[in-house]
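See below for the structure under consideration.
Values quoted throughout were computed directly from the atomic coordinates according to the rules given, and no laboratory measurement underlies them. Treat the numbers as computed from the prediction; the structure is a model and nothing was measured. Reconstructed Cβ throughout: ideal geometry from the backbone, glycine too, with neighbour counts over all protein chains shown.
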């Protein structure tokens with residue numbers, strides 16, 4: 001057997017790894033369009049960054065962080081009830097201290113029983129009023145704040161370096177696996193070539 005044949009799987013493994021490495025590089029490079037032999041080359045992410053930004057903006061505003069979901073959460077009666085102890089404390093402080101400072105005559109006239117009654121009335125009213133206020137505020141915020149546009153502008157303005165750094169940080173293991181997989185497949189193809197040659 002010609003031992004030079006053993007170089008075939010090694011060379012094939014290198015080619016498999018190298019082609020996958022080049023493919024991964026081409027995701028980000030070249031950053032600007034470059035013409036080679038009349039063919040324009042540009043990395044996939046830099047080329048598609050605007051489209052990626054638009055799709056991500058739509059996804060975030062419609063699926064991940066919709067104003068309807070925020071409105072539902074902040075007007076949920078259970079969530080409003082969780083705020084009531086803080087509101088109760090604030091009303092108590094207002095009736096016992098601030099009111100007495102601002103209007104001493106009224107402060108002298110109301111005792112603990114009256115304060116408790118006033119707190120109960122204010123608290124009940126606020127439980128009804130708070131969801132309405134938040135609903136109105138969210139609707140106004142939605143008309144003034146274009147979430148889709150904000151996300152789109154942010155992602156569009158990412159530098160290519162920042163985008164590459166972010167994606168590499170997230171997918172480091174996957175990128176390394178693709179390189180190793182290319183080498184393994186190349187090695188297997190090399191072995192198959194030896195078998196075909198020997199047969």
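One table, with the values for the structure above:
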{"read-out": "0 to 90° range, to nearest 10: angle between helix 7-25 axis and the chain longest Cα axis", "value": "30"}
{"read-out": "Most mobile listed residue (82, 49, 132) in the chain, GNM with C-alpha springs under 10 Å", "value": "82"}
{"read-out": "Whole-angstrom gap from region 113-156 to region 169-187, using each part's C-alpha centre", "value": "49"}
{"read-out": "Helix-only CD estimate at 222 nm, as mean residue ellipticity for the chain, using -39500 (n - 2.57) per DSSP H run (n ≥ 4)", "value": "-25500 deg cm²/dmol"}
{"read-out": "Distance between modelled label sites at residue 169 and residue 154, nm, 7 Å Cα→Cβ extension", "value": "1.4"}
{"read-out": "Rounded to 10°, Cα long-axis angle of helix 77-93 versus longest principal axis of the chain", "value": "50"}
{"read-out": "Pairs of Cα atoms farther than 21 Å apart, region 97-199, %", "value": "74"}
{"read-out": "Global geometry of the chain, whether rounded, prolate or oblate, following the gyration tensor of its Cα atoms and the 1.5 cut on a/c", "value": "prolate"}
{"read-out": "Global geometry of region 158-199, whether rounded, prolate or oblate, following the gyration tensor of its Cα atoms and the 1.5 cut on a/c", "value": "prolate"}
{"read-out": "Per-residue Cβ neighbour rank within 10 angstrom, fewest leading, 171, 134", "value": "171, 134"}
{"read-out": "Rounded tilt (10° steps) of 44-59 against the dominant C-alpha axis of the chain", "value": "30"}
{"read-out": "Cα shape, region 1-103, gyration tensor, a/c 1.5 rule", "value": "prolate"}
